[in-house]
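The values are calculated or read from the model by the stated rules, or taken from the named source; none is laboratory data. This one's a predicted model, so the numbers in the text were calculated from it and none came from an experiment. Counting neighbours? That spans all protein chains shown, and the Cβs are built from the backbone with ideal geometry, glycine included.
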Amino acid sequence: MVKGGPRAQGRTLWDVVGQQGGKVAAIGVPMTYPVWPVNGVMIGENVLVDIDQQAYPLDKTRSWAEGYLSLPSFYRLMRSAPDRFAEESLLLAERRLQILQEILNRDHFQFVMVVLDEPDRSQHCYWKHIGDNTNSLQDTVLKHYRVCDTALALLLEHMDENTSLFIISDHGGGPAPGKYVNFNVALRQAGLLRLRQTSALVSPDRFVKRLVCCLRESIYQRFSHHEVMRLKSLLPRPVKNFFLDVSQNINLIDWSQTSAYRFEMHPPSEGVMVNLQGRQSAGAVHKEDYERVRSDIIAALKDLIDPQTGKRIVREIHLREEVYWGEHIQDAPDIVLLLADGYRGGSGLDDLISEVPETTLHFWNGEHRMEGIFFAYGDKIRSGTRLPYLSPEDVAPNALYAAGISAGPSMKGHLVNDVFSSTYLVTTPINTLSLTKEQSRYLSRSENDYPANSSLSSQEEQALVERLRGLGYIE
């Protein structure tokens, strides 16, 4: 699970700018609950568990936070009442726009970062209605983009000749995949995974799974996230583990005879883990066989074909060290796959390909694409340039360079000269931007930077899980 606040490693952009003396505002950025002290104002991500940990400084930002965050029942409407959800979503977007204007008018900030998740939310729920002249929701996505356009105009009004504006999306959007790729089936066919029961004995387990899934769907339609969270908090851990095992078919796998298994990721990505001795609780693969098993996984999956259409399923396949780095790389899947459009990972054990239920596509019919956007504007920016391929890691060093601040050695990414005008590159040489030893230490956040009560409780962690599930990031 992705945790916010004290679990986030390193320094954010606004931490670095604030440590240089700049007044900052960070609004609605993911993984910022609970908030921490900054040189300015901060409204955490939309969790709404404890308002006291949702905004900083609380005495100045409480009313903003209360207006900016959605109610616990908000995402329940996504499934149960899509028309009302569209109305409430637009009202929330307009309310956030008003709060953004109040914040910008309150003070002069050297750095402002605001996350507008309206396009993401609307595309997930209303993609299928785009261009459908017979449906009243056909322009819902467009309406959400118009709110963002208004926010853009507001930001432009507050810009001067020394201000640079960056518009960034970390992913694109498109139709939701209609097919599950059940990678555990492919791994079983390759001899890398084995089921613990014969087919005759599996039927009762699958009947139990259908009951569990129906119960789960009924609960999420009837109760808010907070109500579900409180219900789960009353369940013993063995009961929680039972529901997880059944819903993901984990209980059907013979772990003593399994070398690799599916690792759920958000579309269009998917992962595979090696069942490694000493790492997994029921590990079956010796450490000396780790690389061989990874090679076997790649060989089994890289040319996977949809038997129904003859199309390739896997666009790219990578070892984890080709995608991730850092001290927590051991938490990443051993193999990372990028799937072709139209597919997402599934947990089935019967057929390689299965259909995504219409009941799911009814409320979740748009999904992420790998291609995001990067726009830059201002007097320091080179006009009319089409940039080369950028990665999300490139955003931080380029934004900081625009502010005349070095990104420091702990930040990944590259400074892209084509972003900036030749005048700015000459007058602000990169090699002159360096942090003092005192400033550099702030690029690595420690637990001492947080209030004593800022660690996540089990209730707060569960709230984050529920929000991620409501957004479709986890099952």
(request) Return yes or no: is V314 β-branched (V, I, T), in contact with a strand residue (DSSP E or B) (Cβ under 6 Å, 6 or more places away or on another chain) and at pLDDT below 95? (result) no
(message) I'm trying to understand the selection: among the residues of region 257-311, which are closer than 27 Å to A176 by Cβ, assigned to a loop (DSSP other than H, G, I, E, B) and within 29 Å of the chain's Cα centre (by Cα)?
(response) E264, M265, H266, P267, P268, K302, D303, L304, D306, K311
(request) Looking only at region 125-144, decide whether some residue is under 22 Å from V41 (Cα atoms) and touching a helix residue (DSSP H, G or I) at 6+ places or on another chain (Cβ under 7 Å). (result) no
(request) Read through the list (1) surrounded by fewer than 15 Cβ atoms within 10 Å (Cβ to Cβ); (2) outside any helix (DSSP H, G or I); (3) out of contact with any helix residue (DSSP H, G or I) (no Cβ under 8 Å at 6 or more places or on another chain); (4) aliphatic (A, V, I, L, M), then give the number of the only condition that V426 fails. (result) (2)
(request) Enumerate the pairs (first residue in region 303-316 and touching a residue at least 40 places away in the same chain (Cβ under 8 Å); second residue anywhere and part of a strand (DSSP E or B) and β-branched (V, I, T)) with beta-carbon separation below 6 Å, excluding pairs fewer than 6 apart on the same chain, so at least 6 apart or on different chains. (result) L304/V314; D306/I353; Q308/I353; I313/V181
(message) If D170 meets every condition in (1) modelled with pLDDT under 90; (2) not assigned by TED's automatic domain parsing to the domain that holds A81 apart from one, which number is that one?
(response) (2)
(request) Please enumerate the residues belonging to region 262-274 that are touching a strand residue (DSSP E or B) at 6+ places or on another chain (Cβ under 6 Å) and crowded, with 23+ Cβ neighbours inside 10 Å. (result) P268, E270, V272, V274
(request) Taking only region 356-408 into account, find how many residues are farther than 19 Å from I168 by Cβ, under 24 Å from the mean Cα position of the chain (by Cα) and not in a helix (DSSP H, G or I). (result) 6
(message) All but one of (1) surrounded by fewer than 21 Cβ atoms within 10 Å (Cβ to Cβ); (2) in contact with a strand residue (DSSP E or B) (Cβ under 7 Å, 6 or more places away or on another chain); (3) modelled with pLDDT under 90 hold for V114; state the number of the condition that does not hold.
(response) (3)
(request) Return yes when L387 is farther than 26 Å from P119 by Cβ and touching a strand residue (DSSP E or B) at 6+ places or on another chain (Cβ under 9 Å) and no when it is not. (result) no
(message) V285 - would you say it is of a type in the set (A, V, I, L, M), closer than 19 Å to Q330 by Cα and at pLDDT 95 or above?
(response) yes
(message) Can you tell me which condition L152 does not meet? The list is (1) within 20 Å of I51 (Cα to Cα); (2) under 24 Å from the mean Cα position of the chain (by Cα), and all the others hold.
(response) (1)
(message) For region 318-339, give me the residue count where each residue is surrounded by fewer than 17 Cβ atoms within 10 Å (Cβ to Cβ) and either of a type outside the set (A, V, I, L, M, F, W, C) or under 26 Å from K128 (Cα atoms) (or both).
(response) 10
